[in-house]
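Worksheet for the structure shown next.
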Amino acid sequence: MEASAPLAPHIEPEPREWQLRALWVGARMLCGAASFFFMAFLFAYFYLRSLDVNKNWKIGHVTAPTGWGIVIVVVLVASAVLLRMASRQPTSALPLGSAALGLALLSIVLQVITWTTLGFGPASGGYASVYVGWTAWYAVFTLACAYWIETQIASVWRLSKEGVQRPRREGVPSDDVELLGAGLEACSFFWAFYVATGVIAFVVLYLV
Amino acid sequence: MSAIAVTTEKPPVWRRLIGFNLLTAIVLGVVGYLIGYWIGGRINTPSTSFFSSDAGENDISVLLGYGFGVFGFLIGLGFANYPIRRMLGHPPTLAEHESADEGIGRYFRLCTDHKVVAMQYMVGIGFFFAIGGLNAMLIRSELLQPNTHVFGPNQYLTLVGLHGSMMMGMMTSSILGPFANWLVPLMIGSRRMAFPRIEAFTFWVLMAAGVVLLTTIFLGGFQTGWTGYEPLGAQGTVGYDAYLGFFALVGVSMTLLGFNLLATIITMRAPGMTWTRLPIFVWGVLSTAILMLLASPMLAAALFMGMFDRTVQTGFYVPSVGGSSFLWQNLFWVFGHPEVYIVALPGFAIALELLPVFCRKPLWGYRIAVAGMLGVTLLSFFVWQHHLFVSGINADLRPFYMLSTELISIPTGFIFLCAMGTLWRGRIRLTVPMLFVLGWAFNFLFGGISGVFLSDAPSDVTTHGSFFSMAHFHYTIMGGLVFTFFAGIYYWIPKMTGYKLSETLGKIHFWTLFIAFNATFGPLFALGFMGMPRRVVTYPTNLQPLNDWVSIWAYCIGLSMLVFLYNVVSSLIFKREPEVANAWNSKSPEFQLPTPVPVHDFDRIPVFDADPYPYGVEPAPVPAVAPAGGAA
């Protein structure tokens with residue numbers, strides 16, 4: 001980890017593992033924050049469904065297109081698996097990570113297509129509101145995750161371009177590579193968790 | 001990592017003004033707002049004006065304006081530069097504009113030095129605290145007479161909403177923002193926060209939120225109070241959009257502030273700083289940060305639902321299309337009650353941190369206090385429905401929420417007990433910070449006891465929505481948070497700035513505030529019992545004498561704040577009398593450092609080898625300086 005300005009000679013640098021641990025812990029805590037964010041939508045779903053105010057849970061024929069939902073979930077799961085593999089196989093991180101990024105972006109495109117083919121609008125009852133709100137914010141967060149994945153892939157690309165490799169002699173990775181590994185692990189963990197929440201969303205919104 | 005930068009020649013003033021700084025941020029913020037507003041105008045059609053089409057108002061324009069405005073503001077400060085560099089694969093860095101050579105300019109731009117961010121928080125929050133306080137003065141001016149005489153009902157309600165939102169939104173970070181950002185790294189032996197840019201981001205987003213809230217004045221205001229209740233919100237003008245945007249930004253700021261503090265405390269403790277050696281202030285910060293991390297996202301989600309209702313015509317809170325205003329009440333209070341503890345816990349932490357210093361004895365029941373803080377944190381997620389006792393919730397749910405609410409008084413009692421145990425037989429020094437801590441103990445006792453009446457469904461039915469409940473939460477929040485906030489200011493500001501504050505003026509400030517506070521809020525209990533409801537601009541004439549008494553004393557609170565302001569300005573700007581490194585003879589790590597604290601905090605990572613409160617144990621152990629090895 002480099003500071004933007006050099007430390008004076010008499011100042012001891014901080015332990016290297018602090019930043020690595022911060023990434024590891026940070027990713028887990030983000031999972032907690034994301035869970036509570038989407039828990040609000042889960043709560044809204046069951047709350048409005050159980051209240052069924054004025055019998056308006058579903059106004060008219062309101063059914064989410066399950067086929068599109070399945071495709072989106074499959075794409076998301078594939079992306080998460082590929083990124084997790086990338087974090088564990090440094091030599092293949094670039095192609096695997098790029099594919100994961102592509103699939104993450106594809107899932108957003110598919111979601112947009114799904115919105116255009118819905119047979120109902122946001123005001124078609126409580127279910128429609130939850131569906132639109134939940135999927136929209138899921139897509140927004142997916143875009144943020146895609147940015148995070150892209151930064152990891154770009155770092156891998158730049159390091160490979162500059163020829164930085166793991167030093168074999170000591171068996172200890174260099175700072176940059178170690179940090180990149182920690183970043184990729186954190187990113188892939190969060191992405192996998194986030195996709196898991198997407199699977200829950202699919203079950204609730206399409207199957208229940 | 002904090003760093004000592006290589007000295008470079010300063011660019012000319014004009015060059016510094018056109019860089020990434022607050023000035024550029026304001027310009028881009030305004031431009032962004034106009035662009036967003038214009039785009040919103042293109043999107044909006046009568047068919048998408050769900051609530052306000054009759055008034056010709058455009059929620060999409062206003063909300064897009066806020067979004068683009070905040071985006072432009074952050075770009076102007078330089079927050080987009082690093083993310084773009086990362087997209088291009090540049091290696092991560094941690095520091096930006098930390099060098100002391102950059103002078104006062106660091107305070108007006110993105111700076112990652114935790115001490116600079118803390119001071120930014122102190123000034124920024126102080127500004128909005130003053131506005132919130134002035135709102136309170138205006139509210140009390142209106143209540144000088146039983147009928148409307150200064151403002152109309154709508155303006156009065158907007159003032160009430162502005163006051164509440166400002167205090168509950170901005171002041172939420174009043175201790176964690178300035179004090180935790182400044183102190184936590186020093187107390188745990190780190191040089192920085194885990195994610196320094198996020199630390200700076202939380203501050204600037206909070207400032208943007210404050211400005212967004214103030215714009216409601218130009219948009220018709222909002223008549224919902226700080227709770228933003230539906231269906232009042234749905235009936236509101238575009239001024240309610242300002243409320244939604246404000247609290248959403250506050251939610252983002254709080255979530256990331258909690259996230260950053262938690263990551264720092266968990267991962268960046270110096271060798272020897274075990275969990276049982278963690279200063280109690282850090283435990284308080286940790287408990288609060290957990291609440292912020294988990295509760296704030298719920299608030300953000302609830303607000304985004306409200307925004308969707310007003311823009312894309314979902315119906316989360318609209319009964320005619322399958323929604324329910326009770327959904328808002330539930331989601332708001334799932335956040336809202338932990339929010340009360342987000343405000344209260346840092347106050348407890350400051351009180352417990354300062355008591356050993358001024359009693360010259362170890363903190364009594366350190367582990368009990370920690371258990372109390374964690375207990376409050378956990379239980380605060382299970383009490384929210386006591387706010388809905390009179391909102392038609394299933395009667396079978398009442399006993400559970402009554403019990404859980406009363407249960408939370410046990411861990412709170414632990415904390416109070418530890419404070420009293422520390423006072424017991426201590427060699428008490430009645431310094432200004434200590435006076436404020438004692439004031440906290442007195443006020444919070446009344447706040448806590450009156451809370452029991454509100455947690456019981458039978459008594460809550462008669463006191464809910466009355467001035468009794470208002471008196472209760474002012475005793476807990478103002479009596480708890482604000483008094484400890486000032487205790488922290490008088491205790492740490494000399495260390496943070498390097499200059500003394502006047503002790504005499506500090507004592508005048510305390511006594512005037514303490515007397516005026518109790519004279520203002522004590523009678524509100526009586527007014528509540530006499531049937532005066534909150535958020536109603538008129539009241540029966542027989543309540544006027546008591547209301548006038550309260551208003552006059554409320555102005556006295558304002559006067560006491562002027563004493564404080566005078567103290568700060570005269571001591572820190574004009575007199576500038578240097579403070580010694582350890583004026584309170586404290587054994588806390590931050591006071592073992594020179595004043596002012598160097599940019600890089602420590603030359604070497606410290607090793608901690610003693611409990612945090614070794615008062616009465618001589619010679620006093622201080623953090624040793626030794627090579628780093630890793631946190632224990």
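The values are calculated or read from the model by the stated rules, or taken from the named source; none is laboratory data. Computed from a prediction, not measured in an experiment: that's the story for all the values here. Virtual Cβ from ideal backbone geometry, glycine too; neighbours counted across all protein chains shown.
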At pLDDT 95 or above, closer than 20 Å to residue B:156 by Cβ and of a type outside the set (Gly, Ala, Ser): which single residue out of B:550, B:537 fits that description? B:550
When (1) at pLDDT below 95; (2) surrounded by fewer than 21 Cβ atoms within 10 Å (Cβ to Cβ); (3) within 21 Å of residue B:316 (Cα to Cα) are applied to residue A:34, the one that fails is (1)
Check whether at least one residue in the stretch B:203-210 is of a type in the set (Phe, Trp, Tyr) and either surrounded by fewer than 23 Cβ atoms within 10 Å (Cβ to Cβ) or more than 27 Å from residue B:32 (Cα to Cα) (or both), and report yes or no. no
Inside the stretch B:273-331, can you point out the residues that are of a type in the set (Lys, Arg) and surrounded by fewer than 24 Cβ atoms within 10 Å (Cβ to Cβ)? B:277
Assess whether residue B:582 counts as being touching a His at 6+ places or on another chain (Cβ under 9 Å), farther than 30 Å from residue B:468 by Cα and away from chain A (no Cβ under 14 Å). no
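From B:194, B:234, B:200, grab the single residue that is within 30 Å of residue B:496 (Cα to Cα), in a helix (DSSP H, G or I) and within 14 Å of chain A (Cβ to nearest Cβ).
The match here is B:200.
Any idea which residue in the stretch B:56-100 is farthest from the other protein chains (Cβ to nearest Cβ), counting only those that are at positive phi and within 28 Å of the chain's Cα centre (by Cα)?
Of the stretch B:56-100, the ones at positive phi are B:56, B:78, B:89, B:97.
Of the ones still in play, those that are also within 28 Å of the chain's Cα centre (by Cα) are B:78, B:97.
On the way: B:78: 12, B:97: 8 Å.
Selected residue: B:78.
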Candidate set: the stretch A:32-61, residues that are more than 7 Å from chain B (Cβ to nearest Cβ) and polar (S, T, N, Q); chosen: the one nearest to residue B:258 (Cα to Cα): A:35
Have a look at B:222, B:218, B:246 and point out the one that is outside any helix (DSSP H, G or I), more than 14 Å from every other protein chain (Cβ to nearest Cβ) and farther than 28 Å from residue A:19 by Cβ. B:222
Residues of the stretch B:17-39 satisfying the condition of being not aromatic (Phe, Trp, Tyr) and not in a helix (DSSP H, G or I): B:18, B:19, B:21
Determine, yes or no, whether residue B:123 is modelled with pLDDT of 95 or more, in a helix (DSSP H, G or I), surrounded by fewer than 20 Cβ atoms within 10 Å (Cβ to Cβ) and not small (Gly, Ala, Ser). yes
Options A:59, A:11; residue that is of a type outside the set (Ser, Thr, Tyr), in a loop (DSSP other than H, G, I, E, B), modelled with pLDDT under 95 and touching a His at 6+ places or on another chain (Cβ under 9 Å): A:11
Condition (residue is under 30 Å from residue B:176 (Cβ atoms), assigned to a helix (DSSP H, G or I) and within 14 Å of chain A (Cβ to nearest Cβ)) applied to the stretch B:310-328: is it met by at least one residue? yes
Of all residues in the stretch B:554-613 being among the polar types (S, T, N, Q) and farther than 20 Å from residue B:430 by Cα, which is surrounded by the fewest Cβ atoms within 10 Å (Cβ to Cβ)? B:570
Hits in the stretch B:413-430 (condition: under 21 Å from residue B:492 (Cα atoms) and under 25 Å from the mean Cα position of the chain (by Cα)): B:419
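Every residue, every condition in (1) in a loop (DSSP other than H, G, I, E, B); (2) at pLDDT 95 or above, yes or no:
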position: B:76; (1), (2): no, yes
position: B:97; (1), (2): yes, no
position: B:104; (1), (2): no, no
position: B:110; (1), (2): yes, no
position: B:119; (1), (2): no, yes
position: B:170; (1), (2): no, no
Yes/no for residue B:151 being over 30 Å from residue A:149 (Cα atoms) and in contact (Cβ under 8 Å) with a residue 40 or more places away in the chain: yes
Working only within the stretch B:254-268, note down all residues that are surrounded by 24 or more Cβ atoms within 10 Å (Cβ to Cβ) and more than 7 Å from chain A (Cβ to nearest Cβ). B:254, B:257, B:258, B:260, B:261, B:264, B:265
Based on this model, can you work out whether residue A:132 counts as of a type in the set (A, V, I, L, M, F, W, C), within 13 Å of chain B (Cβ to nearest Cβ) and within 22 Å of the chain's Cα centre (by Cα)? yes
Quickly run through the stretch B:42-72 and pick out the residues that are among the small types (Gly, Ala, Ser) and at pLDDT below 60. B:47, B:49, B:52, B:53, B:55
Any residue that is within 14 Å of chain A (Cβ to nearest Cβ), in a helix (DSSP H, G or I) and buried (at least 19 other Cβ atoms within 10 Å of the Cβ) - is there at least one of those in the stretch B:364-380? yes
For residues that are surrounded by fewer than 23 Cβ atoms within 10 Å (Cβ to Cβ) and modelled with pLDDT under 95, scanning just the stretch A:69-94, find the one that is farthest from residue A:163 (Cα to Cα). A:88
